[in-house]
Amino acid sequence: MATEGPATRRVQVAEYPRLLKLKEMFNSKFGSIPKFYVRAPGRVNIIGEHIDYCGYSVLPMAVEQDMLIAVEPVKTHTLQLANTNPLYPDFSTSANNVQIDKTKPLWHNYFLCGFKGIQEHFGLSDLTGMNCLVDGNIPPSSGLSSSSALVCCAGLVTLTVLGMNLSKVELAEICAKSERYIGTEGGGMDQSISFLAEEGTAKLIEFSPLRATDVKLPSGAVFVIAHSCVEMNKAATSHFNIRVTECRLAAKLLAKSKSLPWDKVLRLEEVQARLRVSLEEMLLITEDALHPEPYSPEEVCSCLGISLQELRTQILSPNTQDVLIFKLYQRAKHVYSEAARVLQFKKICEEAPDNMVQLLGELMNQSHVSCRDMYECSCPELDQLVDICRKFGAQGSRLTGAGWGGCTVSIVPADKLPSFLANVHEAYYQRSDRSLAPQKQSLFATKPGGGALVFLEA
């Protein structure tokens, strides 16, 4: 249940090769044995891209890949962080003076986000230190939420060290808020599924209030993740936050056109809720109220009756101050149509018609077209990979995660899986310079995994 905290499981570490290896590495690093271990999974968003921060429901599932942290509380007030991957250097800081540098999305800053979120939630100042060794097998900057999994894992580590309790929903909300310390204005999907996931089912995640509903995926199909081998770090680029800002501006202009108190409106969903109309009607209102040509900051100001100074200080985020054009019509059209596709996807899963895999695939294809053309968050490699996946038997294929690189997710009839994997591997990975990518993680079938857990050695 979402009202309960994450489960704690007693395990024989020797029976889990990854835990055993982590325990041995921890011992050689810190000269002691971990007191407990925490895991938090990555996720694949099946449909519902870039709409969580607009207030709309999304449909992800947890993947088996996760962040795993071995932990030992210590008497000093020092946080010592190490990573099994030599690319990520060790870091240590005082537990009572955590500084997060927004200008550099370094790996340890994501841990510090989760740590600080829990610290601030309980209003604690005198915190115990800890030694932590992190082991992640989610490909970084792949759109499978490696950074949010680390934030969630760190939040649960900190909670466990403190001996405090929180529900999964509370943890998800704290970690979603605290990830913003790194400068990413995300919507909360990634943290929610990391805590609320259950094995064997995808989830419809709704916001305000946060809740998760099981969505039974078709038994005759498999979801396959393929990495484009283009990495995109959300916190390192302004693409993501520009989209958040464009959606906020679109919401304000739509609200103003309908004589709503636009200065109070932040999300596109709020406009729909205040007008009490359907998503289909919102698409018509968007057609009517916004124009397809990009808006300049000056035009936005004249529509809202504010000065450039007010726009910059009250509406734009720090890293979108210098943006010269805003594509408000296109962004709103994507969000309202994508929100409708999520609800259609869930309905088809519930009704389970004979051609359900085909219908779900069509929705995923429409989602990719909208991400590519209206939201402009694709890239040539993702478009090529989507085409190859469809050519070799996927009923639907789309980018997943923020986009601009990262992964695609495809729905593939189960009987076509072996030939699909072989053909896509040959057509995308072998016929190009992508053989440098870590092949193992480039292409894999996945099933819905469980959520965050604490492991204690039995």
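Identify, from the list PRO73, PRO105, the residue that is closer than 30 Å to SER367 by Cα and open to solvent by 10 Å² or more (accessible area, probe 1.4 Å).
PRO105
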Kindly provide the set of residues from region 79-119 that are in a loop (DSSP other than H, G, I, E, B) and among the basic types (Lys, Arg), ordered by number. LYS102, LYS104
Do we have any residue at all in region 47-63 that's β-branched (Val, Ile, Thr) and exposed (fewer than 13 other Cβ atoms within 10 Å of the Cβ)? no
If I go through region 128-157 residue by residue, how many of them are farther than 20 Å from ILE193 by Cβ and either in contact with a helix residue (DSSP H, G or I) (Cβ under 6 Å, 6 or more places away or on another chain) or basic (Lys, Arg) (or both)? 4
Can you confirm whether region 389-401 contains a residue that is assigned to a loop (DSSP other than H, G, I, E, B), within 21 Å of the chain's Cα centre (by Cα) and surrounded by 24 or more Cβ atoms within 10 Å (Cβ to Cβ)? yes
Which condition breaks for ARG372 when tested against (1) under 18 Å from LEU359 (Cα atoms); (2) assigned to a helix (DSSP H, G or I); (3) not β-branched (Val, Ile, Thr)? (1)
Any residue that is open to solvent by 60 Å² or more (accessible area, probe 1.4 Å) and hydroxyl-bearing (Ser, Thr, Tyr) - is there at least one of those in region 10-18? yes
May I ask you to list the residues in region 264-277 that are surrounded by fewer than 16 Cβ atoms within 10 Å (Cβ to Cβ) and in a helix (DSSP H, G or I)? LYS264, ALA273, ARG274, LEU275
Exactly one condition in (1) crowded, with 21+ Cβ neighbours inside 10 Å; (2) of a type outside the set (A, V, I, L, M); (3) closer than 27 Å to VAL409 by Cα is not met by SER238; state its number. (1)
Sort out which residues of region 120-130 are assigned to a loop (DSSP other than H, G, I, E, B) and among the acidic types (Asp, Glu), and write them in order of number. ASP126
What are the residues in region 20-41 that are of a type outside the set (Gly, Ala, Ser), open to solvent by 10 Å² or more (accessible area, probe 1.4 Å) and assigned to a helix (DSSP H, G or I), if any? LEU20, LYS21, LYS23, GLU24, MET25, ASN27, LYS29, PHE30
Inside region 85-110, can you point out the residues that are closer than 30 Å to ILE46 by Cβ, out of contact with any Phe, Trp or Tyr (no Cβ under 9 Å at 6 or more places or on another chain) and among the polar types (S, T, N, Q)? none
Before we move on, is SER167 surrounded by fewer than 22 Cβ atoms within 10 Å (Cβ to Cβ), modelled with pLDDT of 95 or more, over 20 Å from MET61 (Cβ atoms) and in contact with a Ser or Thr (Cβ under 8 Å, 6 or more places away or on another chain)? yes
From the list ILE205, ILE225, ILE285, exactly one residue is closer than 24 Å to SER178 by Cα and β-branched (Val, Ile, Thr). Which is it? ILE205
Scanning region 278-311 for residues that are touching a helix residue (DSSP H, G or I) at 6+ places or on another chain (Cβ under 9 Å), surrounded by fewer than 15 Cβ atoms within 10 Å (Cβ to Cβ) and in a loop (DSSP other than H, G, I, E, B) gives SER278, HIS291, PRO292, GLU293, PRO294, GLY305, SER307
Within region 312-363, restricting attention to residues that are open to solvent by less than 40 Å² (accessible area, probe 1.4 Å) and either without any contact (Cβ under 8 Å) to a residue 12 or more places away in the chain or in a loop (DSSP other than H, G, I, E, B) (or both), which residue is nearest to THR103 (Cα to Cα)? SER317
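Report whether or not GLY406 is at positive phi and buried (at least 19 other Cβ atoms within 10 Å of the Cβ). Please lay out each step first, then the result.
Values: at positive phi: yes; buried (at least 19 other Cβ atoms within 10 Å of the Cβ): yes.
For GLY406, the condition - at positive phi and buried (at least 19 other Cβ atoms within 10 Å of the Cβ) - is met.
For residues in region 245-263 being open to solvent by less than 50 Å² (accessible area, probe 1.4 Å) and free of Cβ contacts under 8 Å to residues at least 24 places away in the same chain, which is farthest from ALA289 (Cα to Cα)?
Top of the filtered list is LEU260.
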What do you reckon, is ASN83 more than 30 Å from CYS371 (Cα to Cα) and without any contact (Cβ under 8 Å) to a residue 24 or more places away in the chain? no
Quick check on my filter: what residues within region 112-122 are buried (at least 23 other Cβ atoms within 10 Å of the Cβ) and under 23 Å from PRO318 (Cα atoms)? LEU112, CYS113, GLY114, GLY117
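Condition (residue is open to solvent by 30 Å² or more (accessible area, probe 1.4 Å) and either more than 14 Å from the chain's Cα centre (by Cα) or over 18 Å from LEU106 (Cβ atoms) (or both)) applied to region 138-159: is it met by at least one residue?
Within region 138-159, none of the residues are open to solvent by 30 Å² or more (accessible area, probe 1.4 Å) and either more than 14 Å from the chain's Cα centre (by Cα) or over 18 Å from LEU106 (Cβ atoms) (or both).
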TYR88 meets each of (1) surrounded by fewer than 14 Cβ atoms within 10 Å (Cβ to Cβ); (2) touching a helix residue (DSSP H, G or I) at 6+ places or on another chain (Cβ under 8 Å) with one exception, condition (1)
Listing of helices (runs of 4 or more DSSP H) fully contained in region 131-236 that carry 2 or more residues being in contact (Cβ under 8 Å) with a residue 60 or more places away in the chain and touching a strand residue (DSSP E or B) at 6+ places or on another chain (Cβ under 6 Å): 146-162, 189-196
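The values are calculated or read from the model by the stated rules, or taken from the named source; none is laboratory data. Here the structure is a predicted model, which is why all the values come from computation and not from measurement. Cβ coordinates were reconstructed from backbone atoms using ideal geometry, including for glycine residues, and neighbour counts include every protein chain displayed. Protein only, heavy atoms only, side chains kept; ligands, DNA and RNA dropped before computing areas. Shrake-Rupley method; radii C 1.70, N 1.55, O 1.52, S 1.80 Å.
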